[in-house]
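These notes concern the structure reproduced below.
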Amino acid sequence: MEKESILVVEDEERISNLIKLYLEREGFSVLLAQEGNEALKVFKEKRPDLVILDLMLPGIDGLEICRLIRQSSTVPILILTAKDEETDKVVGLSIGADDYITKPFSPKELVARVKAHLRRTKYWQAPKEEILGDGRIKIDTGSRQVWLNGKEVKLTALEFDLLKTLASSPSRVFSREQLLDLVWGVNYFGDPRVVDVHIGNIRKKIERDPSAPEIIKTVRDVGYKFESLK
Ligand code: CA
């Protein structure tokens, strides 16, 4: 089997070498880039299975790289942020990054996240084909397309998995932790608040009024549910 490849975009060599060491030890092939243009070039040529992207880079910043990669790919993108870049990680998730890790991070945790995201993408490469949803929204798990009142809506891979999970059991309430387990994978140790950010992004795309959602409802103090019209 061909090794899964991971592109690490980070200008601090000490950090990128550490990440490389840990990922190679787990059997991944690792590509390194120190700045944006190089990263985009390597991405285009090598089509890695996952991207780890530092936000603080010389030249094109990480958020812009994330945006550019997302224009042509649903590859999992994990962003690295410093503690004081709280707003950047929210922006990162809203423009299509799947996850973030705050520096300083434990390499073991990083590896666990990488594996969780790769498992998730493998899982959706061989989906069970069915049509979920109701009169308003139609979710095709085979082609991974979503239509809202007959009009196609573009979701990121992670947004799709989250919506599909909720819609597969209409009216069932899922806690944030359950959604992390089902969508991100059981070895994911991230902040449950990433669920809220991604739900917010989905709502902007599918709800008439994202502040008064009718399709994905918040169940206070518990989590979320897909409200079926059926
Ligand atoms: Ca950096």
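The values are calculated or read from the model by the stated rules, or taken from the named source; none is laboratory data. Because the structure is a prediction, the values reported are computed rather than measured. Quick reminder, even Gly has a Cβ in these numbers, built from the backbone with ideal geometry, and neighbours come from all protein chains shown. Note: accessible area is taken over every heavy atom of the protein model, side chains too, but ligands, DNA and RNA are not part of it. Shrake-Rupley method; radii C 1.70, N 1.55, O 1.52, S 1.80 Å.
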Review point. Hey, with R₀ at 30 Å, roughly what FRET efficiency would Ser168 and Lys41 work out to, going by the Cβ-Cβ distance, to 0.05?
Key: 0.15
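For the chain, report the translational diffusion coefficient in µm²/s to the nearest whole number, using Stokes-Einstein at 20 °C, 1.002 mPa s, and a Kirkwood Rh over Cα pairs.
Numbers: Rh = 18.2 Å.
This corresponds to a translational diffusion coefficient of 117 µm²/s.
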Check your understanding: Once the whole set of protein chains is in place, how much accessible area is left on Ser228, using a 1.4 Å probe, in Å² to the nearest 10?
Key -> 30 Å²
Check your understanding: Within the accessible area of the chain, what % is carbon and sulfur when the probe is 1.4 Å and the other protein chains stay in place?
Key -> 51 percent
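When averaged across all projection directions, what area in nm² does the alpha-carbon convex hull of the range 118-230 cover?
On the way: hull surface 26.9 nm².
Dividing the Cα hull surface by four gives the mean projection, 6.7 nm².
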Review point. Quick one: which of 97-106, 159-168 comes out on top by average Cβ neighbours within 10 Å, and what's the full order, highest first?
Key: 159-168, 97-106
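Given a cut-off of under 8 Å on Cα pairs at least six residues apart, what relative contact order in percent is computed for the range 131-226?
Numbers: 120 pairs, mean separation 24.2, N = 96.
RCO, the range 131-226: 25 percent.
Using just the helices of the chain, give the 222 nm mean residue ellipticity in deg cm²/dmol: DSSP H runs with n ≥ 4 each add -39,500 (n - 2.57), and the total is spread over all residues, rounded to 500. The partial results should precede the final answer.
Details: 8 runs with 90 residues, N = 230.
The helix-only estimate for the chain comes to -12000 deg cm²/dmol at 222 nm.
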Point to revise | For the range 39-95: relative contact order, % (alpha-carbon pairs under 8 angstrom, 6 or more apart) | key: 39 percent
Point to revise | Set Lys41/Lys164; Lys20/Lys205; Lys204/Lys225; Lys89/Lys164; Lys108/Lys225 screened for pairs whose C-alpha atoms are more than 26 Å apart | key: Lys41/Lys164; Lys20/Lys205; Lys108/Lys225
